[in-house]
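Q: Have a look at this one.
The values are calculated or read from the model by the stated rules, or taken from the named source; none is laboratory data. Please read these numbers as outputs of a predicted model, since none were measured by experiment. Cβ placement follows ideal geometry from the backbone for every residue including glycine, while neighbour counts extend to all protein chains displayed. Heads up: the accessible areas ignore ligands, DNA and RNA and are worked out on the full protein's heavy atoms, side chains in. Shrake-Rupley method; radii C 1.70, N 1.55, O 1.52, S 1.80 Å.
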Amino acid sequence: ADADADADADTSVICYDAPSPIEDAPLPYDAYGGRTETTTHDGFTDHYLYDGDDYLKIGIREEWGGSIIFFGLHDGSEGTNASNTIDANDTGREVQVALYDPDRLMQGCAHDASCRTGGTSCGESITYLGWNPVQGGNRCNNGSGIDSVHMSTGELTITTRPFQWNPNWDNSGCSSAGCTDATLAHRTADIRLTQTIRFVHPHVVELTYSIDNLSGIDHAATYQELPTLYAANGTGGPDLWRMLDASGTHIPIDTDAGGDGWYYENFSSSAPWVTLQNTAHDYGVGILQENGITEFQAWQDRSVPFNNVRSLFEFGLPGFATVTGRAYLLIGGFGTISTEANWTLNNLAPFGELEAPTPEASAPHTLNIEGWALDNRGIASIEAIVDEFTTVPLAYGAPRSDVCIEWPGYPGCGGVGFSGSFNTSGLGGGPDCGHLIEIVATDTDGNRRTIDQQRFFKRP
């Protein structure tokens, strides 16, 4: 924080200016992010973010809801190239978000939210999915588009209103004619998705997703895709068909999903990441879920061909609520991805929010301190530091179910609140002298980070 020693007659007292906001994300990105680029090819507008060495790049497509359509090497040309680790062959197969509601899971019962109690009369086909916002687009192969895009050095952010996968999702019957109906073929869902992409280490990209429920409808908890990674399958890129867990064990995807050529596998990994690799295991793409989920589901159909994987991330979306999650994409051979994944897990620092005092608050006698903190492996301690020198230990573990609705799945949920107090009577300076409180959290890996800070005054 900036300080102004001339703000008070007592020059031994430092009076603080209002501090700058602290970034929510637990890993810095300034040292690794590079330039951005916009390309227009084949009727698509794509936006790319490069790493700081101009060696790797990641790209999103406006016409497909800002979903990730490229993650690979920079070969000197703009746009996609043969190093692409992402499928990106249609609006349904990128790195993207898709959501579900167990009460509105299938057409025929979605309209009255009776799917868990009464079942559906339309069958279990993907054609008849119910409430199902999909970032890339719908089953008509219409892309969701985006509302806005923001690019700056090291960062790429989009917002979108995803389409419903099935334009007939809330039809009480079993009509599937929505793709030919101009009033249905581009149906948006009642959510807004914000996606932010940043390089945070060599070979590692951070993906932050915030989902705003724009309606008052509660969508119950179930397994969600936040996100699903659709990996290259030999069509315009490498064939990344071998599913490896964090130990390097090959996971066969061979559970028949119904006799139509689709196979899936639910499996556990020894760490919260997995990777899809080529046959030699020297090139591929991995995904790591920040909150520590080690259960995954993979799908494959070698005749299409088709490969994907997602963590089994369970959460709901209450009415008018926001849910946020963070994942990481990793690129390279198995050894590189393993090294980078372990670095990421070991260096993820705490994050959180100081809720009291509020900015510019007055505390003539006692400063009450409240907020919350999360970490990928757990919080060891929380403390407040006043005016950079006085340390105040804080209690941690208070119930905060609201935080764990917004940030689901983290260790310790929902006892993630902190609190304490500080006697301000010993602070110098007059009523217009600003004082600084910083909240410093230390996790069980020893990572120590200032997660938030505010200015307050000792005014009556």
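Q: Hey, could you check the stretch 136-168 for residues that are assigned to a loop (DSSP other than H, G, I, E, B) and free of Cβ contacts under 8 Å to residues at least 40 places away in the same chain and say which is least open to solvent (accessible area, probe 1.4 Å)?
A: Taking the stretch 136-168 as the starting set, the residues that turn out to be assigned to a loop (DSSP other than H, G, I, E, B) are 136, 138-142, 144-147, 153-154, 161-162, 165-168.
Narrowing the set further to residues that are free of Cβ contacts under 8 Å to residues at least 40 places away in the same chain leaves 161, 167.
Details: R161: 76, P167: 1 Å².
By that ranking, first place goes to P167.
Q: Right, something else. Please verify whether the stretch 226-236 includes one or more residues that are of a type in the set (A, V, I, L, M), part of a loop (DSSP other than H, G, I, E, B), modelled with pLDDT under 95 and out of contact with any Lys or Arg (no Cβ under 6 Å at 6 or more places or on another chain).
A: Just the residues of the stretch 226-236 that are of a type in the set (A, V, I, L, M), to begin with: 226, 229, 231-232.
Retained after the next criterion (residues that are part of a loop (DSSP other than H, G, I, E, B)): 232.
Next, from what is left, pick out any that are modelled with pLDDT under 95: none.
Checked against the condition, which is being of a type in the set (A, V, I, L, M), part of a loop (DSSP other than H, G, I, E, B), modelled with pLDDT under 95 and out of contact with any Lys or Arg (no Cβ under 6 Å at 6 or more places or on another chain), the stretch 226-236 yields no hits at all.
Residue-by-condition table, conditions (1) closer than 30 Å to L27 by Cα; (2) in contact with a Cys (Cβ under 8 Å, 6 or more places away or on another chain); (3) at pLDDT 95 or above:
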residue: G137; (1), (2), (3): no, no, yes
residue: V149; (1), (2), (3): yes, no, yes
residue: T153; (1), (2), (3): yes, no, no
residue: T159; (1), (2), (3): yes, no, yes
residue: N168; (1), (2), (3): no, no, yes
residue: S175; (1), (2), (3): no, no, no
residue: L184; (1), (2), (3): no, no, yes
residue: A189; (1), (2), (3): no, no, yes
residue: R192; (1), (2), (3): yes, no, yes
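Q: Would you please list the contacts, defined by Cβ atoms under 9 Å and residues six or more apart or on different chains, that run from a residue in the stretch 208-234 that is on the phi > 0 side of the Ramachandran plot to a residue that is buried (at least 17 other Cβ atoms within 10 Å of the Cβ) and not basic (K, R)?
A: Pairs that qualify, where the first residue is on the phi > 0 side of the Ramachandran plot and the partner is buried (at least 17 other Cβ atoms within 10 Å of the Cβ) and not basic (K, R), are G234/L240; G234/W241.
Q: Is it the case that the stretch 256-271 has a residue that's touching a residue at least 40 places away in the same chain (Cβ under 8 Å) and open to solvent by less than 20 Å² (accessible area, probe 1.4 Å)?
A: yes
Q: Being buried (at least 21 other Cβ atoms within 10 Å of the Cβ) and of a type in the set (S, T, N, Q) is the filter here; which residues of the stretch 428-453 pass it?
A: Q453
Q: Go through the residues of the stretch 182-193 one by one and say whether even a single one is farther than 18 Å from F313 by Cβ and in contact with an Asp or Glu (Cβ under 6 Å, 6 or more places away or on another chain). Quick ask: steps written out before the conclusion?
A: Residues of the stretch 182-193 that are farther than 18 Å from F313 by Cβ, as a first pass: 182-190, 192.
When the remaining residues are screened for being in contact with an Asp or Glu (Cβ under 6 Å, 6 or more places away or on another chain), the result is 192.
Yes; the residues of the stretch 182-193 include at least one that is farther than 18 Å from F313 by Cβ and in contact with an Asp or Glu (Cβ under 6 Å, 6 or more places away or on another chain).
Q: Show the residue pairs that are 6+ apart or on different chains and have beta-carbon atoms under 6 Å apart, the first residue being within the stretch 169-192 and farther than 14 Å from L105 by Cα and assigned to a loop (DSSP other than H, G, I, E, B), the second being among the hydrophobic types (A, V, I, L, M, F, W, C) and open to solvent by 60 Å² or more (accessible area, probe 1.4 Å).
A: The qualifying pairs are D190/L214.
Q: Next up: Just one of the numbered conditions (1) polar (S, T, N, Q); (2) modelled with pLDDT under 95; (3) surrounded by fewer than 19 Cβ atoms within 10 Å (Cβ to Cβ) is not true of T40; which one?
A: So the condition that T40 fails would be (2).
Q: Filter the stretch 304-330 down to the residues that are over 18 Å from L207 (Cα atoms) and not in a strand (DSSP E or B), then identify the one that is most open to solvent (accessible area, probe 1.4 Å).
A: Taking the candidates together, the pick is F320.
Q: I'd like to know if the stretch 245-253 contains one or more residues that are assigned to a strand (DSSP E or B), within 28 Å of L56 (Cα to Cα), within 22 Å of the chain's Cα centre (by Cα) and at pLDDT 95 or above.
A: In the first step, residues of the stretch 245-253 are kept if they are assigned to a strand (DSSP E or B); the result is 250.
If we keep only those that are within 28 Å of L56 (Cα to Cα) too, we end up with 250.
Next cut, within 22 Å of the chain's Cα centre (by Cα) only: none.
No, the stretch 245-253 contains no residue that is assigned to a strand (DSSP E or B), within 28 Å of L56 (Cα to Cα), within 22 Å of the chain's Cα centre (by Cα) and at pLDDT 95 or above.
Q: How many residues does the stretch 276-302 hold that are within 18 Å of the chain's Cα centre (by Cα) and over 19 Å from T222 (Cα atoms)?
A: 4
Q: Ok, one more. In the stretch 208-227, how many are closer than 16 Å to Y328 by Cβ and crowded, with 22+ Cβ neighbours inside 10 Å?
A: 2
Q: Step by step: first the residues of the stretch 84-135, then only those that are aliphatic (A, V, I, L, M) and in a loop (DSSP other than H, G, I, E, B), then the one that is least open to solvent (accessible area, probe 1.4 Å). Which residue is that?
A: If we filter the stretch 84-135 for residues that are aliphatic (A, V, I, L, M), which is where we start, we get 86, 88, 95, 97-99, 105-106, 110, 113, 126, 129, 134.
Filter once more, so that each one left must be in a loop (DSSP other than H, G, I, E, B): 88, 99, 105, 113.
Numbers: A88: 23, L99: 4, L105: 67, A113: 34 Å².
Of everything passing the filter in the stretch 84-135, L99 is least open to solvent (accessible area, probe 1.4 Å).
Q: Also, quick follow-up: Within the stretch 406-421, track down each residue that is crowded, with 20+ Cβ neighbours inside 10 Å and in a strand (DSSP E or B).
A: Once the filter is applied, which keeps residues that are crowded, with 20+ Cβ neighbours inside 10 Å and in a strand (DSSP E or B), the stretch 406-421 yields V416, G417, F418.
Q: Turning to a different aspect of this structure: Being of a type in the set (S, T, Y), out of contact with any strand residue (DSSP E or B) (no Cβ under 7 Å at 6 or more places or on another chain), surrounded by fewer than 15 Cβ atoms within 10 Å (Cβ to Cβ) and closer than 27 Å to D212 by Cα is the requirement here; does S425 meet it? Break it down stepwise before answering.
A: Values: of a type in the set (S, T, Y): yes; out of contact with any strand residue (DSSP E or B) (no Cβ under 7 Å at 6 or more places or on another chain): yes; surrounded by fewer than 15 Cβ atoms within 10 Å (Cβ to Cβ): yes; closer than 27 Å to D212 by Cα: no.
For S425, the condition - of a type in the set (S, T, Y), out of contact with any strand residue (DSSP E or B) (no Cβ under 7 Å at 6 or more places or on another chain), surrounded by fewer than 15 Cβ atoms within 10 Å (Cβ to Cβ) and closer than 27 Å to D212 by Cα - is not met.
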